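This report concerns only the one structure given below.
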Amino acid sequence: MRGGDLLVECLKAQGVRCLFGMPGTQNLQIYDSLLRCGAGAIDHYLIRHEYGATVMADGYARASGDVGVALTVPGPGASNASTGLLQAYTDCVPVLLITGQHDSRHYGRDPAKLFHGLDQMAFFEPITRYRAIARTAADIPRVVEEAFRVLRAPRPGPAMLEFPQDAITGPADGLEVPDRVPSLAAGTPDEALLAEAARRLGAASRPLILAGNAVITGGAREPLRALAERLRAPVAVTRRGKGALAEDHELALLDIRGYLARQAVEAADCTLAVGCRFTSIDTSQWECRFPRPLIQLDPEASEIGREYDCDVGIAGDLRLSLESLCEQVPGGGGEWMPLLEGWRRRFAAQPPLPLLPEIRELLPDDGILSVDVHGIGYSAFAEYPVRDPETFLYPCIGVSLGHAFPAALGARLARPDRPVVCFSGDGGFLMGSFELATAVRYGIDVTVVVVNDSALTAIKGSQLRDCEGRTIDTELTNPDFVAFARSFGIHAERVRDLGEFRPALERSLAAAGPSLVEVEMSGRQEEIMSWVTWLREDPLRD
């Protein structure tokens with residue numbers, strides 16, 4: 001057995017069943033081991049740009065709830081892939097990047113003088129939770145196991161592993177393959193602090209719950225629902241917490257920045273923050289003032305009180321914390337319900353957005369929507385309800401343009417039994433569209449909806465608002481998206497009348513293999529600007 005064979009066996013033991021990447025000089029031996037030892041267990045998907053490798057792995061991880069893995073050459077291959085790791089780092093997604101490297105005897109040389117030279121440990125340090133070099137074959141089991149402990153932590157994040165060629169080609173006979181690393185639980189919460197939190201929640205008339213992604217990764221969705229129902233307290237969610245409570249629930253407020261949640265923040269007299277990191281976007285640059293007392297539950301002690309002072313802070317397993325609170329708090333009196341009913345009537349009275357309602361109607365509850373950064377897509381947090389968090393993908397905190405299409409491909413491979421729609425603007429789709437080749441090569445059945453408004457419309461709106469009406473380089477020169485898609489041999493059609501969108505989407509969803517619907521909206525830029533939530537002062541559309 002060689003080191004590369006051992007690496008593949010370690011990945012198989014961790015349950016890895018697909019890799020996204022591109023072979024090159026310094027990872028050829030890893031690929032040879034994958035071919036010989038991974039056949040029938042680990043599928044490989046050839047990407048056309050390394051950005052697509054880590055973003056496809058990201059989509060796979062979000063849709064599956066497990067680790068997504070990418071494989072590149074070092075240096076430019078790894079740096080191309082780094083944007084996907086940055087997005088995974090800011091959104092706490094378990095993505096593993098594996099790279100080859102030159103022989104370990106060259107580690108003392110100046111990286112700037114080496115072929116594909118890059119000090120990858122320094123480069124990836126700010127955007128990974130773990131990174132390591134396996135300098136010998138004997139190091140391989142250890143670094144893989146350590147990486148997966150981070151990747152399966154209560155709040156996961158990305159990892160990066162580097163394998164020099166001599167470690168991959170060196171002998172590995174007799175080295176043991178570690179057992180699968182289980183999903184790790186956080187520590188046991190403090191019962192005295194939980195009792196104090198229960199007392200404060202019981203004393204509140206209108207407690208508000210704010211739920212983040214750690215509720216999802218910590219397996220705490222059911223106790224969250226139970227506690228909300230016992231308190232009769234509404235639940236707002238962070239961007240990454242979307243779906244922590246099924247969004248057809250009567251207590252679901254959806255996005256913390258949306259109209260319903262903003263009204264609830266003003267009316268509440270207590271906040272229970274569960275597994276949220278209080279990011280800049282979720283808190284409007286930390287200007288949101290959450291009602292006190294503020295009770296914070298988090299799996300990581302380092303997050304308690306980090307962004308907002310809290311009156312009670314409890315680190316530990318969120319499932320255990322929520323179950324304990326549910327046992328201790330008295331039942332709520334329903335003071336929220338008249339307020340919620342009035343706010344929902346006003347919210348529902350808005351003029352409907354185009355496209356999103358039709359996508360929601362045509363996708364089943366378990367269908368997956370991957371949304372890019374664009375004018376209509378911003379509203380998906382508050383106006384595209386989901387029951388399951390694994391059915392909604394968005395680059396929430398890093399906000400990397402071009403994420404939606406590669407992520408949709410990864411999601412479809414993770415959930416081949418579910419329909420997947422990529423909802424993108426023209427700018428974002430073109431950034432990820434090179435992976436149409438990947439979709440066609442492997443028959444990855446994803447439907448793309450491209451809003452073609454011939455501009456970076458939201459940014460153009462920001463320029464008009466903030467720069468005295470001046471704009472620069474926000475108009476786009478686009479290809480004929482339908483002809484572009486058809487050149488790959490896939491079903492594609494164009495919609496100019498929004499009334500034609502639903503039947504076009506139905507046909508595309510029914511088509512075999514990948515498909516595309518271009519929605520021509522070039523003459524409606526001002527209208528689209530009026531739909532962008534952060535460009536208008538009024539939280540509701542006229």
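The values are calculated or read from the model by the stated rules, or taken from the named source; none is laboratory data. What you see is a predicted model, and the numbers here were worked out from it, not measured in a lab. Heads up, the Cβs are rebuilt from the backbone with ideal geometry, glycines too, and the neighbour counts pull from every protein chain shown. These area figures cover heavy atoms from the full protein model, side chains too; ligands, DNA and RNA do not enter into them. Shrake-Rupley method; radii C 1.70, N 1.55, O 1.52, S 1.80 Å.
A458 meets the stated requirement of being open to solvent by less than 50 Å² (accessible area, probe 1.4 Å) and either of a type in the set (V, I, T) or within 25 Å of the chain's Cα centre (by Cα) (or both). For region 118-221, the strands (runs of 3 or more DSSP E) that sit wholly inside it and include 3 or more residues that are touching an Asp or Glu at 6+ places or on another chain (Cβ under 7 Å) are 130-133.
Counting only residues that are open to solvent by less than 20 Å² (accessible area, probe 1.4 Å) and touching a His at 6+ places or on another chain (Cβ under 7 Å), region 135-194 holds 1 of them. Only one entry in G428, G402 is open to solvent by less than 10 Å² (accessible area, probe 1.4 Å) and assigned to a loop (DSSP other than H, G, I, E, B), namely G402.
Within region 454-475, the set of residues being among the small types (G, A, S), under 15 Å from D426 (Cα atoms) and not in a helix (DSSP H, G or I) comprises S454, A455. Checked against (1) outside any helix (DSSP H, G or I); (2) among the charged types (D, E, K, R); (3) open to solvent by 60 Å² or more (accessible area, probe 1.4 Å), R441 passes all but a single condition, namely (1). Look at region 262-284: where a residue is farther than 12 Å from W336 by Cα and a partner is open to solvent by 30 Å² or more (accessible area, probe 1.4 Å) and part of a helix (DSSP H, G or I), sitting 6+ places away or on another chain with Cβ atoms under 7 Å, you get C270/R200. What number of residues within region 85-113 satisfy the criterion of being buried (at least 17 other Cβ atoms within 10 Å of the Cβ), aliphatic (A, V, I, L, M) and either free of Cβ contacts under 8 Å to residues at least 40 places away in the same chain or farther than 23 Å from V177 by Cβ (or both)? Residues in region 85-113 being buried (at least 17 other Cβ atoms within 10 Å of the Cβ), aliphatic (A, V, I, L, M) and either free of Cβ contacts under 8 Å to residues at least 40 places away in the same chain or farther than 23 Å from V177 by Cβ (or both): 4 in total.
Restricting the first member to region 405-425 and to residues that are within 11 Å of I368 (Cβ to Cβ) and part of a strand (DSSP E or B), and the second to residues that are open to solvent by 10 Å² or more (accessible area, probe 1.4 Å) and at pLDDT 95 or above, the beta-carbon pairs closer than 6 Å and six or more apart or on different chains are V420/R412. The set of residues in region 222-263 that are basic (K, R) and touching an Asp or Glu at 6+ places or on another chain (Cβ under 8 Å) comprises R232, R239, R240, K242, R257. Counting only residues that are closer than 24 Å to S324 by Cβ and at pLDDT 95 or above, region 157-185 holds 1 of them.
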